[in-house]
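Read through the structure below, which is laid out as structure tokens, and then see the notes.
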Amino acid sequence: MKEKLVRWKFYFDKDKEEQWLNEMADKGWNMKKNCLGIYIFEHSDKRQYTYRIDILPEDEQEKEEYLTFLKEEGDIEIVQQRLFWVVLRKLSDKGVFELYSDAESKKQQYRKMEQIFYVLSGVCFFFMFFTAIPAVKKDHALIILPMFLAVLGVIMLKQARKNSQKRKKLEQCAADLF
Amino acid sequence: MERMQPLTDALFYVLLALRQPKHGYGIIQEVQELTNGRLVLGAGTLYGALKMLEERGWISLYSQQNDSRKKKEYLITEEGRRAFFAECDRLTEMLNNSHLMREEEAE
């Protein structure tokens, strides 16, 4: 009977989430599932896996192609897919697990995430206006929803800018990171 | 003559590895060997590189009729070979001029 552990955490920053998943893995807790901030871990005696999080292509066919490529060519396991993100892991004794080995592809990943967050913030602000109208016209108590969406939209914008900063930092580096 | 962008290490070695038909895993292995472990291609990086090289027409899918379950293999094209050698010319030019620095040190 495998030991289980449940945690409740919210991450928008992929790097921080990855870091946490790997810290847990170091302690012998491997993430098995996650949904809406609830993470379920399984126990193992030693450091078994390295975790990475990636963005999936929008196109359904490309998405399948990419995941198949990772599985077959990279020996990578798909732990959990959700929306555009995918949590991946690889057995530690199969070697170092890095998805992106040079600065160029790392920058592309940050650019993709930046775009997604801009789109998400746009969606939030759009619905904020949409829900603000009945709140203003009919019931002022309803204002709580557009307010919530406004906060969410700002958080999305912040994340977009964070990714943009990370990308620009890489561009300033003289040498490629391998 | 068209001004070409220099190739990254990853692209150079992927093209070199694909002088013979190979699938992704084979490319990663060979590049790691050729560079003595300096360059370990990430699966994500390699996927993007292969897509880009295929779009440019520098590599193409090497199809085999028999087993459909066989992994996709790629092979360099004529255009890819030309681009590779143009890059080699660029690197050779730089290396040839590098002797000047050593002569400076010697004085």
Pairs returned, first residue in segment A:118-142 that is open to solvent by less than 90 Å² (accessible area, probe 1.4 Å), second residue that is among the hydroxyl-bearing types (S, T, Y) and part of a helix (DSSP H, G or I), beta-carbon separation under 9 angstrom, 6 or more apart or interchain, are A:L142/A:T131
When (1) modelled with pLDDT of 90 or more; (2) outside any strand (DSSP E or B); (3) farther than 18 Å from B:G48 by Cα are applied to A:I143, the one that fails is (1)
When A:K106 is run through (1) within 15 Å of the chain's Cα centre (by Cα); (2) surrounded by fewer than 18 Cβ atoms within 10 Å (Cβ to Cβ), the failure sits at (2)
Selection over segment A:81-103 where residues are surrounded by 15 or more Cβ atoms within 10 Å (Cβ to Cβ) and either in contact with an Asp or Glu (Cβ under 7 Å, 6 or more places away or on another chain) or within 30 Å of A:A150 (Cβ to Cβ) (or both) yields a count of 10
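Confirm whether A:K90 is part of a helix (DSSP H, G or I) and closer than 22 Å to A:N22 by Cβ. Quick ask: steps written out before the conclusion?
Details: part of a helix (DSSP H, G or I): no; closer than 22 Å to A:N22 by Cβ: yes.
When the stated conditions are applied, A:K90 does not pass them.
Please tell me if A:E60 is under 26 Å from B:T45 (Cα atoms), open to solvent by 30 Å² or more (accessible area, probe 1.4 Å) and within 12 Å of chain B (Cβ to nearest Cβ). Give the steps one after another, and end with the answer.
Numbers: under 26 Å from B:T45 (Cα atoms): yes; open to solvent by 30 Å² or more (accessible area, probe 1.4 Å): yes; within 12 Å of chain B (Cβ to nearest Cβ): no.
The answer is no for A:E60.
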Taking first residues from segment B:31-46 that are more than 9 Å from chain A (Cβ to nearest Cβ) and buried (at least 16 other Cβ atoms within 10 Å of the Cβ) and second residues anywhere that are assigned to a helix (DSSP H, G or I) and not basic (K, R), the pairs with Cβ under 6 Å that are 6 or more apart or on different chains are B:V31/B:Y13; B:V31/B:A17
query: With respect to A:K168, is the statement that it is more than 16 Å from the chain's Cα centre (by Cα), basic (K, R), open to solvent by 90 Å² or more (accessible area, probe 1.4 Å) and more than 30 Å from B:T45 (Cβ to Cβ) true?
result: no
Filter segment A:14-24 for residues that are in contact (Cβ under 8 Å) with a residue 60 or more places away in the chain and crowded, with 16+ Cβ neighbours inside 10 Å; the one that is nearest to A:L120 (Cα to Cα) is A:K14
Counting only residues in segment A:34-57 that are of a type in the set (S, T, N, Q) and either surrounded by fewer than 14 Cβ atoms within 10 Å (Cβ to Cβ) or under 17 Å from A:K16 (Cβ atoms) (or both), the one farthest from the chain's Cα centre (by Cα) is identified as A:T50
Exception for A:F69 within (1) open to solvent by 50 Å² or more (accessible area, probe 1.4 Å); (2) within 12 Å of chain B (Cβ to nearest Cβ) falls at (1)
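The values are calculated or read from the model by the stated rules, or taken from the named source; none is laboratory data. Here the structure is a predicted model, which means the values were calculated and not measured. So basically every Cβ, Gly included, is an ideal-geometry build from the backbone, and we count neighbours across all protein chains shown. Surface areas here come from the heavy atoms of the whole protein model, side chains and all, with no ligands, DNA or RNA. Shrake-Rupley method; radii C 1.70, N 1.55, O 1.52, S 1.80 Å.
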